[in-house]
1. Among the charged types (D, E, K, R), touching a Gly at 6+ places or on another chain (Cβ under 8 Å) and closer than 28 Å to L121 by Cβ: does that describe E176?
2. Going through the range 170-189 one residue at a time, which ones are of a type outside the set (S, T, N, Q) and in a helix (DSSP H, G or I)?
3. Which numbered condition trips up A222, out of (1) at pLDDT 90 or above; (2) under 34 Å from the mean Cα position of the chain (by Cα)?
4. Determine if the range 234-254 includes at least one residue that is modelled with pLDDT under 85 and either surrounded by fewer than 14 Cβ atoms within 10 Å (Cβ to Cβ) or acidic (D, E) (or both).
5. Right, T59: at pLDDT below 90 and β-branched (V, I, T) or not?
6. Output the residue which, of all residues in the range 190-213 that are open to solvent by 90 Å² or more (accessible area, probe 1.4 Å) and either assigned to a helix (DSSP H, G or I) or touching a residue at least 24 places away in the same chain (Cβ under 8 Å) (or both), is farthest from T117 (Cα to Cα).
7. Tell me the residue from Q139, Q124 that is over 30 Å from P244 (Cβ atoms) and part of a helix (DSSP H, G or I), please.
8. Against the conditions (1) basic (K, R); (2) open to solvent by less than 90 Å² (accessible area, probe 1.4 Å); (3) at pLDDT below 90, where does R158 fall short? Just the number, please.
Amino acid sequence: MWLSRRLPMVASSATAASGMPTRVRTTFRRRVMTGFSSAGLRSDRLRYCRPVIVHTCGTSVQHERARRLRMRGDNRSALLRGARTCLDESGYARTRARDVASAAGVSTAAIGYHFGTTDALLIQALLDGLEEWSVVLDQELNALPDADFPEHLANVYRCVVQSFEGNRGVLAASFELMAQADDNEQVRQQLRHAVEHARSSLVSQILRIDADTDQVRVFGTAGYAMLSGLIVQWLVDPDNLPTPEMVSAQLLRWNAMGR
């Protein structure tokens, strides 16, 4: 059996003249040879080997550093994916560090290394998920075909409801995230930015106009209130949501009553 004890690396004057990047690793290897004497007593003999010099090219060191950086990035991405999976399956409040680590295939220590706390990881995964959902929804709404206004309203409603599919965990956890904003100013700022973006986007996508500040404040706030209420109803009772045609007709009726 070979046992090795590695001592700190030392510089080698022998290779300085050669110009080759060199590490000298002095390793004393102890070979334990076990036998038994005629008296049945155990005896060990130790044998030490000469120091071993290992030449390592500079490019190999660089490759090793790059590999470690990739591993760190991979672990961080894996944690975000694992946190998103846990949010979808268990929600924010019921997710624990070991759940995320298991889903990501890494140790729980990686959470502290990359994010500090499990809450910070879950918040980042949740904000990333909301951003992804928002981007996809914006793209789908902008890609809607031209139609008269009643049909356009129905298409917008249909598109919004369809975007909820596959994002249930993130949408449900977003309401839990709002509670975190009371104690986390960074989360509050990020949510405020998301709400402002949603207001302006809804005005342009629903009304198809370039909204000024007053229109964003009035129509955007109303549109965002309807979107938030629609999310809650979809989470609680998705089977009893009204049809797109019913929603479009009612909105037009309310608009006519206000004139």
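1. Yes, satisfied.
2. If the condition is that a residue be of a type outside the set (S, T, N, Q) and in a helix (DSSP H, G or I), then V170, L171, A172, A173, F175, E176, L177, M178, A179, E185, V187, R188 are the ones that fit.
3. Answer for A222: the failing condition is (1).
4. For the range 234-254, residues modelled with pLDDT under 85 and either surrounded by fewer than 14 Cβ atoms within 10 Å (Cβ to Cβ) or acidic (D, E) (or both): present.
5. Yes, satisfied.
6. Per the criteria, the residue is R208.
7. Of the residues listed, the single one that is over 30 Å from P244 (Cβ atoms) and part of a helix (DSSP H, G or I) is Q124.
8. The one condition R158 does not meet is (3).
The values are calculated or read from the model by the stated rules, or taken from the named source; none is laboratory data. Keep in mind the model is a prediction, meaning the values are calculated, not measured. Backbone-built Cβ (ideal geometry, glycine too); neighbour counts: all protein chains shown. When the accessible area is computed, the model is the full protein with side chains, heavy atoms only, and any ligands, DNA or RNA have been set aside. Shrake-Rupley method; radii C 1.70, N 1.55, O 1.52, S 1.80 Å.
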